[in-house]
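Structure first, commentary second.
The values are calculated or read from the model by the stated rules, or taken from the named source; none is laboratory data. Just so you know, these numbers come straight off a predicted model, no measurement behind them. Methodologically, a virtual Cβ is constructed for each residue, glycine included, from the backbone with ideal geometry; neighbour enumeration extends over all protein chains shown. Side chains included, ligands, DNA and RNA excluded: accessible areas come from the protein's heavy atoms. Shrake-Rupley method; radii C 1.70, N 1.55, O 1.52, S 1.80 Å.
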Amino acid sequence: MTLRLIATDLDGTLLDPSSTVTPRTRAALDAARSRGIHVVPVTARQPIGLRTIAADAAFDGWALCSNGAYAIHLTEGRMLFAEELPAETIRTLAAALRASIPGLLFASVREGGETFVAQHGYAEIADLSDHKRDPETMGGVPLEQVLAAPSLKFVIRHPELAPAALFETLKDLGLTGFEATLSGAPFVEVMAEGVTKATGLARLCTHLGIDRTEVVAFGDALNDVEMLRWAGRGVAMADAEPVVQDAADETTASNADDGVAQVIERLLG
């Protein structure tokens, strides 16, 4: 294939199990960039979570955050697009879920991913790794404030129930007007209707004048499935769930074994 853009998930994919970029992976990314190939992180993270690894990965161009909800240039800070979930949809969704599952907690990502509005009690069950934010900085507000404004990503979690159980309950409600997914984090993630990593990547590629056949994408979780299907070549990680591997054109080694680097090295010859 003619390779012009590498789109890669981060956690469980590009980053090793300690959430770092290995020397081999960095060398592969640098080799691609030296040939004029765009390297784009496509992640559930927000810019705050990208800054922690940007230097190690040399990310300084476009990034897709909140599962494709918005594209931001990491050096210039400008936004190419942003798709927000309407506040009315958020309130309808929260009300329906709370009627089915007591004890839910919610949070909202706003303002280019820089603002995190968490319900009272959310920070107490959160870890730094969840959102790449110190829970002590999250504060806490009444639920009405979490639900009061549009959101780039609406977060649903429970102190005891697994995200998969919440996700199944959400699907069983039969509600429409949003897109929900799982990234491997301990919560369900909800974006605007139709928003996936694939739709965000398609919009960025149109901006850059790149065809989908010129894109290789890497991922390991449910939120990567649409992107792997969309890209000219989709690559799943060795320990990805079966639905993710089924969506891909090939499976590479795990993130513990530089699976992304192995494919890039092969494609670059």
Handout entry: Which listed residue, of 39, 109, is under 18 Å from residue 155 (Cβ atoms) and buried (at least 19 other Cβ atoms within 10 Å of the Cβ)
Key = 109
Completion exercise
Just one listed residue, out of 11, 16, is within 15 Å of residue 54 (Cα to Cα) and either in a loop (DSSP other than H, G, I, E, B) or modelled with pLDDT under 95 (or both), and it is 16
Practice task
Evaluate the range 43-55: report whether one residue or more is within 22 Å of residue 230 (Cα to Cα) and of a type in the set (A, V, I, L, M, F, W, C).
Solution key: yes
Practice task
Return yes when residue 250 is within 24 Å of residue 31 (Cβ to Cβ) and of a type in the set (D, E, K, R) and no when it is not.
Solution key: yes
Problem - The listed residue being open to solvent by less than 10 Å² (accessible area, probe 1.4 Å), assigned to a strand (DSSP E or B) and either over 22 Å from residue 134 (Cβ atoms) or of a type outside the set (D, E, K, R) (or both), out of 72, 90, 6, 53 - result: 6
Practice task
Give the residues of the range 129-154 that are under 13 Å from residue 45 (Cα atoms), assigned to a helix (DSSP H, G or I) and out of contact with any Gly (no Cβ under 9 Å at 6 or more places or on another chain), sorted by residue number.
Solution key: 129, 130
Problem - Counted residues, the range 112-128 - those being modelled with pLDDT under 95, crowded, with 20+ Cβ neighbours inside 10 Å and outside any loop (DSSP other than H, G, I, E, B) - result: 0
Fill in the blank from the handout: Given the conditions (1) assigned to a helix (DSSP H, G or I); (2) over 26 Å from residue 82 (Cβ atoms); (3) open to solvent by 10 Å² or more (accessible area, probe 1.4 Å), every one holds for residue 48 apart from (2)
Handout entry: Scope the range 21-36; condition surrounded by 14 or more Cβ atoms within 10 Å (Cβ to Cβ) and among the hydroxyl-bearing types (Ser, Thr, Tyr); matching residues
Key = 22, 25
Exercise for the section: For residue 133, indicate whether it is in contact (Cβ under 8 Å) with a residue 24 or more places away in the chain and open to solvent by less than 30 Å² (accessible area, probe 1.4 Å). Expected result: yes
